[in-house]
Amino acid sequence: MDINTLLNAPVQFASARLRLEKPRAEHAAAVMESTNASLAQLRYITWGGAAFDAERALRFCAHDAELVAAGECLIYFAFEESTGRFVGNLDLHSFDFDVPRCEIGYVGDARRAGSGLMFEAATAVLKLAFELGVQRVEAVCDARNLRSIAFAEMLGLTREGLLRAHDRDPQGGLCDDVVLAMLRDDPWPTLRR
């Protein structure tokens, strides 16, 4: 596994109810609408501190597309296949090809909460990571972000520890991070409804 693995990852793939696509300028309107509808839940996300206008959303999508084109990470925007509605954005980043491992990030549209769609999207991205050759996927969550931690645990990631004063939050304060991880051979959970 190396940077070429990321560069050759699928541009688009599907799960049972979703279509996942690498970022494009055409996604800007959906990203703007989702971000603005979800602001109350985005206080732990650096870019989630203020509403998006059309220009900022376009820059956001263009920047994500540039990161993917450079092989720095994989980013996918998830859309519900039956309606075309935006579900959320997911990424695999901070790759260490020697292990190989990476981190997963996920930000769902608050209006789709409880539908199981983000669970499906994140599961699809986790499976893609393992198919590409990753052995370990980590989630690093602000210790106060209980929803993100619970979601990682629901996906089957195991809580491994607390890193004290490990990062800065979007407001600039020091924060603790919880580290969770899933290994390629760990069992896959199923969504409980």
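Values in this text are rule-based calculations from the coordinates and carry no lab data. As the structure is a prediction and not an experimental result, all values here were calculated from the model. Cβ sites come from the backbone with ideal geometry, for glycine too, and all protein chains shown count toward neighbours.
Do you know the relative contact order of the chain, to the nearest whole percent, from alpha carbon pairs under 8 angstrom that are 6+ apart?
Working: 344 pairs, mean separation 35.7, N = 193.
Once normalised by length, the contact order is 19 percent.
If you place +1 on the Cβ of every Lys and Arg, -1 on the Cβ of every Asp and Glu, and leave all else neutral, what size is the dipole of the range 3-135 about its Cα centre, to the nearest 20 Debye?
Numbers: 12 positive and 17 negative charges, 68 e Å.
So the magnitude is around 320 debye.
What is the log10 of I(q)/I(0) for the chain, computed with the Debye formula using one identical point scatterer on each Cα and no solvent, at q = 0.10, 0.15, 0.16, 0.19 Å⁻¹?
Debye curve over Cα of the chain, log10 I(q)/I(0) at q = 0.10, 0.15, 0.16, 0.19 Å⁻¹: -0.38, -0.93, -1.08, -1.57.
Would you work out which of 117, 130, 92 lies farthest towards the positive end of the dipole of the range 3-135, given +1 charges on the beta-carbon of Lys and Arg and -1 on that of Asp and Glu, about the Cα centre?
Highest projection toward the positive end goes to 117.
Explain nothing, just compute: Karplus ³J(HN,Hα) = 6.51 cos²θ - 1.76 cosθ + 1.60, θ = phi - 60°, for every residue of the range 38-47 in order, whole Hz, x for Gly and Pro.
Each residue's phi maps through the Karplus curve to give 10, 3, 4, 9, 9, 5, 9, 9, 3, 7 Hz.
Taking GluC sites (Glu not before Pro) that fall in a DSSP loop and have at most 15 other Cβ atoms within 10 Å as cut points, what is the longest piece of the chain between them? It would help to have the intermediate numbers written out before the result.
Numbers: sites that count: 72, 81.
Maximal segment without exposed cleavage sites: 82-193.
Beyond 17 Å, what share of the Cα-Cα pairs of the range 56-128 is found? Please give it as a whole percent.
Details: 1273 of 2628 pairs.
Pairs farther apart than 17 Å: 48 percent.
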